[in-house]
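Here, each number is a calculation from the coordinates, and none is a lab measurement. If you're wondering where the values come from, they're calculated on a predicted model, not measured in any experiment. Reconstructed Cβ throughout: ideal geometry from the backbone, glycine too, with neighbour counts over all protein chains shown.
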């Protein structure tokens, strides 16, 4: 009986080291420093007026925001292609595809709605019509 209980304990106590995520305080510190840097840069760009074009500033901020999301996922959520047998990465890719489809579709619809709307009358045209009466 002791042989069976010993075999069962070995079976239940066995952990694969490949599936475990080994995290050190250094990893958290690197993630924190990167997150702070990626927060300070956009703040400095906006407050300092470094880039004159607001469109370029917005694109730079969006790019830095995307990089910061990756930093958070890697250093704090410990997501990689091996975690959870790859299911985390598959779920993330599916989510990103749905978000991109939703955003691009919404922008496309709003652009075409704006383009196909009747032109609004300007104030000069309204005044000239009122003077004719």
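Details
- In units of the rule-of-thumb radius 2.2 N^0.38 Å, the stretch 77-118 shows an alpha carbon radius of gyration of 1.84.
- Residues of the stretch 93-109 with amide N under 14 Å of a point placed 7 Å along Cα→Cβ from residue 117: 109
- A simple spin-label model places the labels of residue 128 and residue 56 3.9 nm from each other, with each point 7 Å out along Cα-to-Cβ.
- Calculated on C-alpha atoms, the gyration radius of the stretch 39-113 divided by its Kirkwood radius gives an Rg/Rh of 1.10.
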